[in-house]
Amino acid sequence: MTDSTTRGRGAAPAPAARSRVALATLAGTTLEWYDFFLYGTAAALIFNKQFFPSLSPTAGTLAAFSTFAVGFIARPLGGLVFGHFGDRIGRKATLVVSLVMMGIGSTLIGLIPNYDAIGVWAPILLVAMRVVQGIGLGGEGAGATLMSMEHAPAGKKNLYAGFPQMGTPAGLVLANGIFLTTSSVMSDSAFSSWGWRIPFLLSFVLVAIGLVIRLRVTESPSFTGLVENNEVSKFPLRESLRVGFPRLSLTLLAVLANSAVAYAFMVFSLSYGSQHLGFDKQFLILCVTAAAVLWFASIPVWTRVADKHGRRTMFIAGSAAILVWCIVFFPLLNTENSVIAVVAFLGMGLIVPVTHCVQGSIIADTFPAKVRYSGSSLILQSGAILGGGLAPMIATALLDATGSSTGVTWYLASVCALSLVGAIALFRVVPDSSRGLQHEEPAVVPA
């Protein structure tokens, strides 16, 4: 048996192997999020007419967003299944399978006939493929963060855990960029009729490239160490619950706001801005894309801050900033001024990554290495449903019920306030051990 400072870690990987893993997790998560966000953009702008034409514009948008939410509902299933096997047979194999599932689901969405062609089977098949997407992403989210973080050298744990997080805005930029390019080279009628399928069909090529990259990485040193020491858990999910309800619930609360606010500005704002404020659809997509570029570029900066100074102050300050900005975001959009709208979106792109970049490592540090994949998936995917998955649908329903964005603002502010309280309480219970350390076993709170 190894001592407490090396338990759960295999031999230290070479620098080249670490860099390859970091880039592979970034590439893989970028492609997975490309597929996932592409669906969100299409749900906001296309799917109501293609798959729910008999409904009113509001009802059709609500129905399209409900299929968007289905992907989040499926994510915990993917997280539990992939988490179990990730803790049992290794991180690498599960991440390969999750990438393949996402690519298949997205490609088939591009081939589904619309409602006019096959009737009710069109939305049924759409939901089925969205479930496949959700399961694939459920396996990706926690696994990619662990794979990169568990390869991290001393003093760079948050930086390495941030590489997969960069895949979120990178996937959004890629999805919106291809969506925007495709729509700009053909007429509106042609794009709405069949052109929207092209970005989904391109997923097959992109995922094939990502798969080649991912197959070249080495297994996580943490998992290798567990195998060498015969410490692989038989029932990782059950063991992960031994962390205890207080710490699990506080961790979940702390990460809710980021997901809810991010999906409100990335997805809901597209339909709200185009249908209720008269903004051009392409302008809104460009605004979200510009915010995502800023989001992507700032993650390495914030993760280095966390490695040098610790996560506590940065995460709490970021949680407070998200609360403030979500209160002003929709009032800024409501001015119907293009310059002010750009400022509103860029503000989101600057603030959201402060908490997003380290939430993966915070969640992972809740669990010991032998159950880290299962436990992290449980928290991450539960937060995704309660925060991001329901946000566009709840926001649309509140807007329809009240006729203004005020209800949406109060809804987001309430979620952000809960997260801020959860983050403060979490760091009071759990010391911030991230500064300058290699990834070690967290102190498990008794159940």
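Listed values, structure above:
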{"read-out": "Rounded if a/c under 1.5, otherwise prolate or oblate - segment 117-181, Cα gyration tensor axes", "value": "oblate"}
{"read-out": "Derived scalar couplings ³J(HN,Hα) [segment 247-254; Karplus, 6.51 cos²θ - 1.76 cosθ + 1.60; whole Hz; x for Gly, Pro]", "value": "5, 4, 5, 5, 4, 4, 4, 4"}
{"read-out": "Estimated [θ] at 222 nm from DSSP helical runs (n ≥ 4, -39500 (n - 2.57)) normalised by residues in the chain, nearest 500", "value": "-25000 deg cm²/dmol"}
{"read-out": "Between 0 and 90°, nearest 10: helix 281-309 axis offset from the chain longest Cα axis", "value": "10"}
{"read-out": "Pairs of lysines in the chain (C-alpha under 20 Å apart; 8 or more residues apart or interchain)", "value": "8"}
{"read-out": "Estimated FRET transfer efficiency when R0 is 22 angstrom, pair residue 338-residue 182 (beta carbons, to 0.05)", "value": "0.40"}
{"read-out": "Ordering of 65-77, 203-215 by packing [mean C-beta count within 10 Å, highest first]", "value": "65-77, 203-215"}
{"read-out": "Neighbour net charge for residue 63 - beta-carbon separation under 13 angstrom, K R +1, D E -1", "value": "+1"}
{"read-out": "Length gained when the stretch residue 414-residue 116 is fully extended (0.36 nm per residue, less Cα-Cα span)", "value": "103.2 nm"}
{"read-out": "Whole-percent carbon and sulfur share, accessible surface of segment 326-413, 1.4 Å", "value": "72"}
{"read-out": "Accessible surface, per residue, of segment 317-376 when the full set of protein chains is kept, probe 1.4 Å, Å²", "value": "27"}
{"read-out": "Rel. contact order, % - alpha carbon contacts under 8 angstrom, at least six apart, segment 314-378", "value": "32"}
{"read-out": "Length-normalised contact order of segment 341-435 in % [C-alpha pairs under 8 Å, at least 6 apart]", "value": "12"}
{"read-out": "Dipole in debye (nearest 20) - the chain, about Cα centre, beta carbon charges: Lys, Arg +1; Asp, Glu -1", "value": "880"}
{"read-out": "Tilt relative to the chain, helix 372-383 - C-alpha long axis, 0 to 90 degrees, to 10", "value": "30"}
{"read-out": "Environment charge at residue 76 (Cβ cut-off 15 Å; Lys +1, Arg +1, Asp -1, Glu -1)", "value": "+1"}
{"read-out": "Nearest-ten-degree value, helix 157-184 long axis tilted from longest Cα axis of the chain", "value": "20"}
{"read-out": "Sulfur and carbon atoms: percent of accessible area, segment 67-210 [1.4 Å]", "value": "77"}
{"read-out": "Computed label-point distance, nm, for sites residue 400 and residue 242 using a 7 Å Cα→Cβ extension", "value": "4.8"}
{"read-out": "Percentage relative contact order, the chain, counting C-alpha pairs under 8 Å, at least six apart", "value": "27"}
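The values are calculated or read from the model by the stated rules, or taken from the named source; none is laboratory data. Bear in mind the structure is a predicted one, so any value in this text is a computation, not a measurement. Glycine gets a Cβ as well: all are built from the backbone with ideal geometry, and neighbour counts include every protein chain shown. All accessible areas refer to the heavy atoms of the entire protein, side chains included, with ligands and DNA or RNA removed. Shrake-Rupley method; radii C 1.70, N 1.55, O 1.52, S 1.80 Å.
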